[in-house]
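K.L.:
Have a look at this one before I ask anything.
What follows is calculated from the coordinates using simple rules that are stated; it is not laboratory data. Because the structure is predicted, anything quoted here is derived from the model rather than measured. All Cβ positions, glycine included, derive from the backbone under ideal geometry; neighbour counts span all protein chains shown.
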Amino acid sequence: MKHCLVTGGAGFIGSHLVERLLQLGHRVSVIDDESTGSVDNLAAVMGSPNLSYTKASVAEQDVVRRTLADVDEVYHLAAAVGVELIARSPIHTIETNIYPTELILDEMSRLHRAGRAVKLFVASSSEVYGKNPKQRWDEEDDLVFGSTARARWSYGASKAIDEFLALAYWRQERLPVVVGRFFNVVGPRQSGAYGMVLPRFVEAALKGNPLVVHDDGQQVRCFAHVADVVESVLQLTAAPAALGGVFNVGSDQPVRILDLAHKVAAQINPSLPIEFVSYSRAYSDDFEDCRHRVPRLDRLHATIEHRNRFTLDETIRAVIDDKRRELGLTERNS
Ligand SMILES: NC(=O)c1ccc[n+]([C@@H]2O[C@H](COP(=O)([O-])OP(=O)(O)OC[C@H]3O[C@@H](n4cnc5c(N)ncnc54)[C@H](O)[C@@H]3O)[C@@H](O)[C@H]2O)c1
């Protein structure tokens, strides 16, 4: 039995990871400040004797130090996430995404010097590629951010700093770290409150509202089911060949946002209208988006055996079923 710490374990991806680790028979500690997550996400496992939950910030040194003293692996997922949140709170984004990573690495380094090797998985993001114009991004590609006057890039830049930090500790001190760059992760329990597109579409469609598409809807993204992402994370963290490496994680199947809206409507009510809203109305006048975001997964596939099991339509179905439950709707009244 391993003891794993999941920061951000009450969040969307974190809660699925916690459930899976417990299912595999491990002991799990969670630190989450519930800023965007909720303890409700862990309702199915809250009574487990192998789960210990602390509502606190990962910026609190004493909490991190106490928890780390006894763990074998850390999955660092706590972060300020979501385009809307970032546009609204750039200071919070930068501070939340950089300082705790530094704190965890520093504490791990102390333990390492005392003879204890704790493994660290760092959740990074496809946002680190910024607006690199390549059709498919691989891990060695340049990071191309917009101007610092545009707050949106602070999220990708803060995640890039996390990567630099983690890789520096690997290079300099041989701390066992793995970095996963998540592309769009979707599935049950994801909140639409911070601008995530699929839960937003599904919730609107179930309420009979128009699906709001930003700009012209021609932006290209790849969506992976959270269960597939969690499996990739677990296999990467367990793979000796992954240590000190950076990996794209997610799906490499592109879809246009407008087509995603049509797919959601097709499963709920094909006659629902689609409404186009400019970026300046949705976010701000200086908002800049990335039009095309597709990964190469060669490195991931050369390192782990897992291959995604869920198609996009199955994933959309799972999100619809989950939102229906959350909104107390049946298939007939939505
Ligand atoms: N969902 C995606 O598509 C996606 C894509 C790329 C990267 N990621 C990364 O994956 C990770 C998880 O994202 P998610 O989609 O589950 O988002 P989420 O908002 O559901 O999860 C983040 C969790 O971290 C917690 N948190 C935030 N600040 C904290 C702090 N200072 N101390 C303790 N807890 C704190 C939140 O309460 C929340 O539970 C993040 O690091 C995110 O950057 C997600």
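K.L.:
Work out the charge dipole of the chain with +1 on the Cβ of Lys and Arg and -1 on the Cβ of Asp and Glu about the Cα centre, then indicate which of Gly192, Val6, Tyr99 is farthest towards its positive end.
P.N.:
Val6
K.L.:
Name the most mobile residue of Glu140, Glu163, Glu102, meaning the one with the largest mean-square fluctuation, in a Gaussian network model of the chain with Cα contacts below 10 Å.
P.N.:
Glu140
K.L.:
Peptides 108-114, 177-183: what's the order by average Cβ count within 10 Å, highest mean first? Don't jump to the answer; show the numbers that get you there.
P.N.:
Details: 108-114: 14.4, 177-183: 24.7.
Put in order of decreasing packing, that is 177-183, 108-114.
K.L.:
So between Thr330 and Arg150, what do we pick up on full extension, going 0.36 nm a residue minus the alpha carbon distance?
P.N.:
Numbers: separation 180, 0.36 × 180 = 64.80 nm, distance 4.25 nm.
Full extension of this stretch gives 60.6 nm more.
K.L.:
Taking 8 Å as the Cα distance limit and 6 or more residues as the minimum spacing, I'd like the relative contact order of the range 226-334 as a percentage.
P.N.:
Working: 58 pairs, mean separation 41.8, N = 109.
So the answer I get is 38 percent.
K.L.:
Evaluate the charge dipole of the range 215-330 about its Cα centre and quote only its size in Debye, nearest 20, assuming +1 on the Cβ of each Lys and Arg and -1 on the Cβ of each Asp and Glu.
P.N.:
Working: 14 positive and 18 negative charges, 60 e Å.
Roughly 280 debye, rounded to the nearest 20.
K.L.:
Here is a follow-up. Among Ala43, Thr148, Leu167, flag the residue with its Cα farthest along the positive direction of the charge dipole of the chain, charges on Cβ as +1 for Lys/Arg and -1 for Asp/Glu.
P.N.:
Of Ala43, Thr148, Leu167, it is Ala43.
K.L.:
Could I ask something else about it? Whole Å is fine, so just give me how far the alpha carbon centre of the range 92-137 lies from that of the range 1-73.
P.N.:
Cα centroid of the range 92-137 versus Cα centroid of the range 1-73: 18 Å apart.
K.L.:
Could you state the number of Å between the C-alpha centres of the range 280-334 and the range 185-232?
P.N.:
Here the answer is 5 Å between Cα centres.
K.L.:
Same structure again: In what sequence, highest mean first, do 25-33, 204-212 appear when ranked by Cβ atoms within 10 angstrom? Walk me through the numbers on the way to the answer.
P.N.:
On the way: 25-33: 22.0, 204-212: 16.7.
The packing order, highest mean first, is 25-33, 204-212.
K.L.:
Charges at C-beta only: +1 for Lys and Arg, -1 for Asp and Glu. How large is the resulting dipole of the chain about its Cα centre, in Debye rounded to 20? Mind showing how you got there, number by number?
P.N.:
On the way: 38 positive and 44 negative charges, 82 e Å.
The calculation lands at about 400 debye.
K.L.:
Determine the dipole magnitude for the range 44-143: charges of +1 sit on the beta-carbon of Lys and Arg, -1 on that of Asp and Glu, nothing else is charged, the reference point is the Cα centre, and the result goes in debye to the nearest 20.
P.N.:
My answer is approximately 240 debye.
K.L.:
Using the Cβ atoms and a cut-off under 9 Å, what net charge is assigned to the surroundings of Tyr129, where Lys and Arg are +1 and Asp and Glu are -1?
P.N.:
On the way: positive: Lys131, Lys134, Arg181, Arg293; negative: Glu127, Asp141, Asp142.
With Lys, Arg at +1 and Asp, Glu at -1, the net is +1.
K.L.:
Using r as the Cβ-Cβ distance of Glu314 and Ala117, and R0 as 30 Å, what FRET efficiency do you calculate, to the nearest 0.05?
P.N.:
Approximately 0.20, to the nearest 0.05.
K.L.:
Follow-up. HN-Hα J couplings of the range 28-37 from phi, Karplus 6.51/-1.76/1.60, θ = phi - 60°, integer Hz, Gly and Pro as x?
P.N.:
Result, ordered by residue: 10, 10, 10, 10, 8, 8, 6, 6, 10, x Hz.
K.L.:
Counting Lys +1, Arg +1, Asp -1, Glu -1, what net charge surrounds Ser48 among other residues with beta carbon under 13 Å of its beta carbon?
P.N.:
Once positives and negatives cancel, what remains is +1.
K.L.:
Another question about this same structure. Check Gln253: other-chain or 5+ apart residues with amide H under 5 Å from its amide H, H built from backbone geometry?
P.N.:
It is Phe223, by chain and number.
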